[in-house]
Structure formats: C-alpha cells, structure tokens
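Below: the structure, in structure tokens.
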Amino acid sequence: MARIQPTPDTDGAAGPDGDGGGTGRRRKAVRYAVPVAVAGVAAATIGITSAFAGTGDPDLPKISAQDLIAKMAQSDTQRISGTVKISTDLGLPSLPSGASFGADGQGGKGGGKGGAAPSPESKLTELLSGTHTLRVAADGPDKQRLSLVERAAEYSVIRNGDQLWAYDSASNTVHHSKAPQAPAEGKGKGKDKGGKGGQDAPKGLEAASPQELAKKVLAASDESTSITVGGTAKVAGRDAYQLVIKPKQGESTVGSVRIAVDAKSGVPLKFTLAAKSGGKAVVDAGFTKVDFGKPAADTFAFTPPKGAKVTEADGKDAGKGAGAGRDHKNALPEALGLPGVGGDASGAKVTGEGWASIAQFSAGKDAGAAVAGKGKSGAKGGEKNAADAGALLDSLGGKVSGGFGSGRVFSTKIVNALVTDDGKVFVGAVSKDALVKAANAAK
Amino acid sequence: MSRAEAADAGATAAPAPAPAPAAARRWGLSLLLSEVTTTFRRWRTLALLGVLAAVPILIGIAVKIETGGDGGDGGHGGGGPAFISQVTNNGLFLVFTSLAATLPFFLPMAIGVIAGDSVAGEAGSGTLRYLLVAPAGRTRLLLAKYATTMAFCFAATLVVAVSALAVGALLFPLGEVTLISGTTIGFGEGLLRALAIAAVVALSLVGVAALGLFVSTLTTSGVAAMATTVGLLITVQILDQFPQLSAIQPYLFPHYWLSFADLLRDPVYWDQVLRNLGLQALYAAVFGSAAWARFTTKDITV
C-alpha cells in the first residue's frame, strides 16, 4: 500500500519541497524540538523562580537587635490574615502505623468515645510532624480564626468574644466551649517550647502562629543567649529583618532560632528553629501570604451547621478531656520528650539554666518498668501490648548506664529524654551527656 | 466502520477541491463536528458514560442503606471518600463525593480509553488514510481529535455530577450547604460552586488527555495505546504515593487533583487549584506538541 506522507502545504511545513530524506529529517527534528523546548522552558522557569526565591534580599537600613526587639514589642498590629506554612521535623523515627504509640493509641481512642470527634489535642499532635498549611485571621484580641487546611477537609478553630468553636469537616463535628478571659497571657512561662497539650489545646494551636512562637523565645532568652540581626529576607512578599538567636551554652541542642520581622509593622513573619546537628529545620513556620487589612466580619461568625454533632465542653467534658490528655501524656514524653506536655508540671524539678535547663520528674514505677521492657503496662496491660511497647521502645531509645544506674535515652533532633529504670525522667533540649550528668547529680 | 462513513460524509459535505484557506477552515469545523458525533455515537463511549453515571448511584444507595435506620448521624470520622459524612445532610454533597471517588481512577481511565483510541484506533482500522486525503491537514485533524477528547472530559464529568445530583436529590434532603470551613451558604451558591468544581475536575483531565493523544500517535494499535495510557496513569498514581519521591511529586499530573475541594473553603483557597490548572496546561503543551511533532512527520502506511 502506498505511503501517505505529510502534505507540506496544508501542514504549514518548513519547506515546500516534500521530497528528499534530508529536509524531511530536518523538519522532523525541528518539530520534535518544540515539545522539548516547551518542557525546557517550563523546567528553567521553575528552576529560576525557586533559585531566586531565596536570594532577592531586600535592601533595608541597618537596625540593632535591641531596636528590632523593641519594634516587635511595640508592634500593635491587631488585624492580620494570611496563610501560614508549618514544616516540622523533630527527627522522630517513623512509627509503624497501627502499632503507633502502642497501647496508648488505643487507650486514647477509648477515652475519646469512639473517636468520632477528633479532639483539638490530637490535632495539635498532628502539627508536630510533616508540613501543614494554616489559615489565620485575627481582628483584635478577642476575634481569631485558625483553620488547618487538610486534604479535602478542614479543621477550624474560631474564637469570637467568649465563644470558642472548633469545627472538623471530615467528621462534621463541632466542639464548643467558653474561651478563657485572658487569652494570650502567661503562655511564655517556663521554657515550654513545644506548645501545651491538655485542655487548652485550641490555645496551643493558636500558639503555632509566628507571633506566639517568637514571643515565647524572647521570654526565654537571657544572658545565656546571643541575639543578633542577621541580614534581611523577603517573607510573603514583604521586606523583613532576620533576628538570629543562638544559645551560648555548649550542651544545648538548639543551633539557632531565626525570626523574620516585618520591617514596617514589626510583626514576626517567619520562625525557623534549627538543630545544632544540622539538617532540615526542626520547625519552620512562616507566612506565605499576609494581609494587615481588616478581615471580613463574618470570618469570625460561626453557627453550628445543620446536622453537625455538637460537643459542649462543660465541666464533665473538661474532665474527660483531661483524661484523654493523660492517655496521651504517657505516650508523648517518651516519644517527644517535650517538657510541659507530659507529667504533672507541679512535680517537675528544673535544674540547669536557660537553654540548658533539664526538667526532672518522676513517672512512677510503671513507666520505669515499661521502659526497662519487662512491664505490664498498667491498667491497659495485655501481654501483646506490653510486647509491642517493648519492641517499640527498642526501636526508639538507646540504653545508657552511669552513676545513676541504667535507663534509656530517647532522642529527637532537639529534645532528649532519659528515663531511668527506677522511673525518673530527665528531659531537656540538651545533649545526652548533659542528661546523664544531671541524672548522676540527682542520685 | 463508521469511521469511513464519517470521513466520506465529511468529504461530501465539503467538496471544494481547491485547498483555499477558508475552505480548509470550514473543513476543519465540519471535521470537528463529525469527530464529536462519531465519538459520542459509539457504543463504547456510551458504555463508559453509563459506568460513570452508575458510580454516584452506587455510592448514594450505599450511604442510604448504611444510615437508613438512625436519623443519619454519619459518624464516619473521615473514612471513605471525601465529604461522605456530609451526604446524609445534603444531597448536593453526593456530587462532591462522587467526583472525589471517580477522579482518581474512573474518569482518567475513561479519558485514557478515548484519547488512546483517537489516532491509533483510526490507524488500526485503516481509516486514518481517508481522513488524511481530505485537505484539512494533519494539524487540524489532530486538533479536532484533541478537542473531541476534551469534549468527552467535560461530558464525562457532567455525567457524574448530574447523576450524583439527581440521586442526591432523590435520596437525601437538599438545602443550605455547609462549606468545609464551617460556613453555611445558600443552595443556589452551592450549586454554582458545584458547577465550578465540575469545571475544575474536567480541566484536571486535560493533562491525561494530551498524554493519551501522544501515546496514540506512537502506535497503530488502539488497544495498545489505551493500555499504555491507563498503565501510565496507574504508575504515576502509585509514584504519587511514595513519601520518598516527594521532590518530584509536585510535577506529577495527578498530584493536585483533589485540590478541587479547596473551592469549598471559605474564603476559597486558590493556591493548589491554580497550581493544578497550571500543571495541566504544561502537560497539555508538552504532550500536545509532542503528539503534533510525531503525527505531522510520520509516514502513515496503513
């Protein structure tokens, strides 16, 4: 059968002479160059924009660290709305799904009544790993809204006056409570850098905004800290100064904290916490879009949607929440070792100063036994659970021994925890050696 | 078989022998019309659309049966396809659930079948020659083929959406729509958003359509082209699941598919939607021009 070759005149070909292999081949090469060129241009555009995104540092007048902090302190920006991206890499080992948190995961679910309504507490722990997008809006001290943007779902916390609503679209449930009167105060207490668990979880979610994180770090800084201005940066399309905070103490695991402060308004726009061990930032939270205009009033209006299940947080519920919180508490300090999350804060003893503080508390015999790998883990027991927990612990913690006896060290990029076999817990953002030293001293 | 008839019909409809530009353009239009009608008259196409229409019916009945006894307290806790916990409250959500359920696989598979068959099928059955005899030119023919595939993208999405809306209206109450941010909007605005979502879903399939068209120009076997396109689709979907490949995942065409749900936020979160549309345009440009380069330079021997 005869070959049908492309007709040059109707196809708008390169040359009018359709014959001859040479021109045909050249034309073919030219045509194939088109998709290659399109792909190349696209790749180059992507490459150039991402390469230049980090560099174009704005030219701003010099400013001292103190002036910059003052600027932040003076900043009275009440109205803000925007998109925040939070990437967290605590350096936790990836837990096998299902076996995650061993018995405590199941206990927590039981506490949550069938797990129908993901509690604010569990949402907070979600923020502790991976990358999340948040949308925030605030208008004055008593109107705030924060939405955790999820895949095809959203978790919103809305505060309007003394009403506090949490809406989870995935399960169509609403959580309602009366907001505490003094919202943002007293959060900088202690060296609590991990946000609080427990009942005030919506507040904890709120604390993930750059402003709150920055405030906390400033509250924690003293003469053990060096604070400098480290150049400028562009964040969310705005010019910003970089405030660099570095601990002076050698045993701290914190490498540096960088806060990008908006040059005009003094609002912190980005917060980066880097570990001394290097690698990806441990916490990287920053606005990708920000607007200082007044958010629309109906942003903060919330009425429970029809058909949604509403949980009222009265006294009974709060108790239940605390109970569920306690279930998490067993899991969290072991896995994360965040001071202030686990254990009774009243029972904690703090040694060391500034960045090198070590919290010491007693987790009781059960925890010690469980850590030693021989435990029946309390009421939730079950031999399978105990075995699971033992295997999990082996994958999480390394054994250490010293003058204090022996125990396990659980380490993340920032926070290390030492749990001794007799049930004492030492937690801090310090190296393992410092923990062992503290344990020896406590003996 | 109907291919040849259509080609003949097209040829008689525009008998002008002189390849004047105006005549060629007219021919191009009639070519497009004949392409669309032949594609949508095929039993294969109708069967695909029938399967797509059945998905919302199945989902709707399943949800109805499961929550039939108690007053629809869909306490799923986020299991199953997106939005399924809302369906019992508002039938309109069946549209979103059905689109979320069909977008990862059913819809692109149907597109892959149509796109993969578009050129290779003609070549395989020996009707491509007749189409090329006409003076419209290969570029126009390819454009007509691509436009037909796009028309199918929209038709398929609309079939799912309309079927879901009908089933939703029959089985569940309709009314005010609760957005996933917790805001409530009227039913009319909800319908508008549903329409916008259907459009975004249809546009999400532009990339697969271009990919299928390119594959289709590579071979003369329609079945091989369809299988390759669907195989590529599945492979890319799997690659999109591995966390280790997160560096390249933003450039895989299905990566932002579920972003259509962002249209249900208040205010609408455009970032991912726009990224999705841009990515689809990029795929269409790259694979469309590759298909053009291949199709306009190859010798057609059958």
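With neighbour counts taken as other beta-carbon atoms within 10 Å, the residues B:I57, B:I114 rank, fewest first, as B:I57, B:I114. Going by a ≥ b ≥ c, the root eigenvalues of the Cα gyration tensor, does the range A:222-321 fall in the rounded group (a/c under 1.5), the prolate group (a/b larger than b/c) or the oblate group? The shape class here is oblate. Other residues lying with their Cβ under 13 Å from the Cβ of B:R193 contribute a combined charge of -3, Lys and Arg counting +1, Asp and Glu -1. Using the Karplus relation 6.51 cos²θ - 1.76 cosθ + 1.60 with θ = phi - 60°, the per-residue 3J(HN,Hα) values for the range A:425-435 come to 10, 10, 10, x, 8, 10, 6, 4, 4, 5, 5 Hz, with x marking Gly and Pro.
Could I have the simple spin-label model distance between A:N440 and A:F292, label points 7 Å from Cα toward Cβ, reported in nm to one decimal? For A:N440 paired with A:F292, the spin-label model returns 5.3 nm.
Remark: spin-label model distance A:S87-A:R151 equals 1.9 nm, labels positioned 7 Å along the Cα→Cβ axis.
Of B:L131, B:L264, B:L48, the sequence from fewest to most neighbouring Cβ atoms within 10 angstrom is B:L48, B:L131, B:L264. Kindly write out, for the range A:250-260 in residue order, the coupling ³J(HN,Hα) from the Karplus curve 6.51 cos²θ - 1.76 cosθ + 1.60 (θ = phi - 60°), rounded to whole Hz, with x marking Gly and Pro. Calculated HN-Hα couplings, in order: x, 7, 6, 8, 7, x, 7, 10, 10, 10, 8 Hz. Using the Cβ-Cβ distance between A:K248 and A:V34 with R0 set to 56 Å, the FRET efficiency from 1/(1 + (r/R0)^6) comes to roughly 0.40.
For peptide A:133-145, the mean count of partner chain Cβ atoms within 10 Å of a residue's Cβ comes to 1. Note on B:85-93: average number of Cβ atoms from other chains within 10 Å of each residue's Cβ is 3.
When the C-alpha to C-alpha distance is required to be over 19 Å, the pairs from A:K280/A:K432; A:K28/B:K298; A:K123/A:K424; A:K178/A:K309; A:K234/A:K294 that qualify are A:K280/A:K432; A:K123/A:K424; A:K234/A:K294. Taking amide hydrogens as placed 1.01 Å from N in the peptide plane, the amide H of A:V254 sits under 5 Å from those of A:K276, each at least 5 positions away in sequence or on another chain.
Listing A:E126, A:E150, B:E189 from fewest to most neighbouring C-beta atoms within 10 Å gives B:E189, A:E126, A:E150. Think of it as helices only: each DSSP H run of n ≥ 4 in chain B is worth -39500 (n - 2.57), and spread over all residues that comes to -23000 deg cm²/dmol at 222 nm.
Read the figures in this text as sums done on the coordinates, not as results from a lab. Predicted, not measured: the structure shown is a model, and the values here were computed from it. Glycine also receives a Cβ, built like all others from the backbone with ideal geometry; neighbour counts cover every protein chain displayed.
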